[in-house]
1. Residue 50 fails exactly one of the following numbered conditions: (1) within 16 Å of the ligand (Cβ to nearest atom); (2) in contact with a Lys or Arg (Cβ under 7 Å, 6 or more places away or on another chain). What is the number of that condition?
2. Go over the candidates 272, 232, 256 one by one and state the one that is of a type outside the set (A, V, I, L, M, F, W, C) and in contact with a Lys or Arg (Cβ under 8 Å, 6 or more places away or on another chain).
3. Just to check your reading of the model, which residue among 252, 291, 298 is small (Gly, Ala, Ser), touching a residue at least 12 places away in the same chain (Cβ under 8 Å) and either open to solvent by less than 20 Å² (accessible area, probe 1.4 Å) or touching a strand residue (DSSP E or B) at 6+ places or on another chain (Cβ under 7 Å) (or both)?
4. List every residue pair whose Cβ atoms lie under 6 Å apart, where the two residues are 6 or more positions apart in sequence or sit on different chains, the first residue falls within the stretch 131-153 and is more than 30 Å from residue 194 (Cα to Cα) and assigned to a loop (DSSP other than H, G, I, E, B), and the second residue, located anywhere, is open to solvent by 50 Å² or more (accessible area, probe 1.4 Å) and of a type in the set (Lys, Arg).
5. If a residue must be farther than 21 Å from residue 17 by Cα, in a loop (DSSP other than H, G, I, E, B) and open to solvent by 10 Å² or more (accessible area, probe 1.4 Å), how many such residues does the stretch 94-124 contain?
6. Take the residues of the stretch 255-266 that are more than 16 Å from the ligand (Cβ to nearest atom) and touching a residue at least 60 places away in the same chain (Cβ under 8 Å): which is most open to solvent (accessible area, probe 1.4 Å)?
7. State the number of residues belonging to the stretch 164-191 that are within 18 Å of residue 116 (Cα to Cα) and surrounded by fewer than 20 Cβ atoms within 10 Å (Cβ to Cβ).
8. Read through the list (1) without any contact (Cβ under 8 Å) to a residue 40 or more places away in the chain; (2) crowded, with 24+ Cβ neighbours inside 10 Å, then give the number of the only condition that residue 223 fails.
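The values are calculated or read from the model by the stated rules, or taken from the named source; none is laboratory data. Small disclaimer: the values here were computed from a predicted structure and weren't measured. Neighbour counts run over all protein chains shown; Cβ positions are idealised from the backbone, glycine included. Keep in mind that these areas ignore ligands, DNA and RNA; they rest on the heavy atoms of the full protein, side chains included. Shrake-Rupley method; radii C 1.70, N 1.55, O 1.52, S 1.80 Å.
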Amino acid sequence: MSNKKSLWITRRLSEKTLERAQIDYDCVINFDDQPISQQELAERSSEFDAILPCHSEIFKDDLVRELHPRVKIIANHSVGTDHCDINALKARGITITNTPDVLSDATAEIAFLLMLGAARRAIEGDALVRNGDWDFWSPNFMVGKQVSGARLGIIGMGRVGQVMAKRARGFDMEVHYFNRKRLTKDAEHGAVYHSSLETLLPVSDFLSLHCPATAETIGLMNTENLSKLPDGAILINSARGSLCDENAVLEAIKSGKLSAAGIDCFVNEPGGNSEFAKQNNIFMLPHIGSATTKTRDAMGFRALDNLDAFFDGKLPQDIL
Ligand code: DGY
């Protein structure tokens, strides 16, 4: 009998990740790659010492209570942990880890793509050319909003927020941010700190969300906060759908309060928002911020590093 630990990999991770995992662990891999139900997670948990899930597997309190005592660690393949009830897991003595750092570049890249695409009307332009409907040109045609030199507000100046700010400096943007804690002067690189949204929102021609979804941030971009943005602002969300009240965002788009939005994360995933889909000034992607080959490998390896440390009796670097 193998003395390797038994590991449940709940989604089809990158080839390199699966290759490495199978060297060190007795793996059950969900090659079908369909999300696993809460019921199945609970029922099969007695077969595993560890589970390596993605944000698509939901570990809320009711499931956590049903997990078999054999499960010692949930090593997430995600930086976000809003799919997990961390307190409930800790109360059961289950270690929980995530994969920060390694996806910051890729996620900031998507946020920048959303910002440029929304500002320069990429969806409308692409559709015109693609559908053969482009039969007119004028200096008044498809005029968008310039990113270079504009003011960018960032909510959540963690790792992704800081990479976003760095990229924005390359576009000569004036960076403003709100964060629970002010960064050091060195780390700010000239960005202007706001201790509240009251002062950040009115100077955000572009507003990019980079904070986690927590009890404090869920529904943060509601009617009241959206109304504090400059008229014609552009909202970018590459963090979590639940940060936005989607009805309020839709109203702000329809009224022109927001001239456009770039959205990679939705309240309903997979699927998105069918009302957003009717607005050609909302540039949308299907939650692919970290979806590059390099980053998927790095996320998988980071999750495995955390598992290896745990089973070697060390403290995993990303323990929550
Ligand atoms: C994350 O890591 O949280 C991304 O949203 C992908 O799961």
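1. Evaluating residue 50 over (1) within 16 Å of the ligand (Cβ to nearest atom); (2) in contact with a Lys or Arg (Cβ under 7 Å, 6 or more places away or on another chain) leaves (1) as the failure.
2. On the way: 272 fails: in contact with a Lys or Arg (Cβ under 8 Å, 6 or more places away or on another chain); 256 fails: in contact with a Lys or Arg (Cβ under 8 Å, 6 or more places away or on another chain).
It is 232.
3. Unique residue meeting the criteria: 252.
4. So the pair list comes out as 142/121.
5. Adding up the residues that qualify gives 2.
6. Keep residues of the stretch 255-266 that are more than 16 Å from the ligand (Cβ to nearest atom), which gives 255-261.
Filter once more, keeping what is touching a residue at least 60 places away in the same chain (Cβ under 8 Å): 259-261.
Numbers: 259: 51, 260: 4, 261: 0 Å².
Once the filter is applied, the top-ranked residue is 259.
7. 7
8. (2)
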